[in-house]
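The values are calculated or read from the model by the stated rules, or taken from the named source; none is laboratory data. This one's a predicted model, so the numbers in the text were calculated from it and none came from an experiment. Using ideal geometry, Cβ is built from the backbone for each residue, glycine included, and neighbour counts are taken over all protein chains shown. Side chains are part of the model used for accessible areas, which takes the heavy atoms of the whole protein and leaves out ligands, DNA and RNA. Shrake-Rupley method; radii C 1.70, N 1.55, O 1.52, S 1.80 Å.
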Amino acid sequence: GGSTTVTGCTFTCGGFQMHAQTGTTGTISKNVFTVPIGADGLRLYSLSAGNPWVVSNNVFDGTAGAATGFLYTSGTPGQVDFVYNTVDSFDIGLYLDDYPSTIQNNNITNCVSYGIRGFGGTPPAPTHNTFYNNGANYGWYTAPLNSVTSDPLYVGSGDYHIASASPNAGVGLAFAGI
């Protein structure tokens, strides 16, 4: 158990992996992951009876071929919230072996195979996300609700904030506690 917080870090030689025990909580927020080809950005394993937040992270690889932006696998579905993240240029943006509680207000763009890919069970419908220029926006997953499929208009040059003229401006949904 316990709490893990990783905030404001920059990872440039690979991603971050958290293998949690029962009852682990915490926040992974406001980090930048620049991931080399073939590596994952953020891996979360074996979370149970906890509820970490993955909030406001930028995960990108300029080669559009690294493995996965976020990989989540757990013994217990519904144990993590993915909100306000940007994932760009991976093979799969968000790979879910089990399902998080929430997938909301994320930008998932330029992924070769899938924006979101998951397996088995009944996942929650992702809501108020942007899917743009992915091979497929989702696979084995519930259709996204209230999502945008147009170019989010990133500021550019490594700045993944959306520009003021973005079709995403003002379309997100408030998330309690953040």
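How much length is gained if the chain between Leu153 and Ala174 is pulled fully straight, taking 0.36 nm per residue apart and subtracting their Cα-Cα distance, in nm to one decimal?
Working: separation 21, 0.36 × 21 = 7.56 nm, distance 2.11 nm.
Here the segment from Leu153 to Ala174 would lengthen by 5.4 nm.
Could you compute the FRET efficiency for Thr12 and Asn146, with r as their C-beta to C-beta distance and R0 at 41 Å, rounded to 0.05?
On the way: r = 34 Å, r/R0 = 0.83.
That pair, Thr12 with Asn146, gives E of 0.75.
For Thr127, Thr4, Thr149, Thr109, give the ranking by accessible area with the largest first, probe 1.4 Å. Mind dumping the intermediate values first?
Numbers: Thr127 25, Thr4 50, Thr149 95, Thr109 0 Å².
From most exposed to least exposed: Thr149, Thr4, Thr127, Thr109.
Sort His128, His161 from largest to smallest accessible area, using a 1.4 Å probe on the heavy atoms of the protein chains. Spell out each step's value before the answer.
Numbers: His128 40, His161 120 Å².
From most exposed to least exposed: His161, His128.
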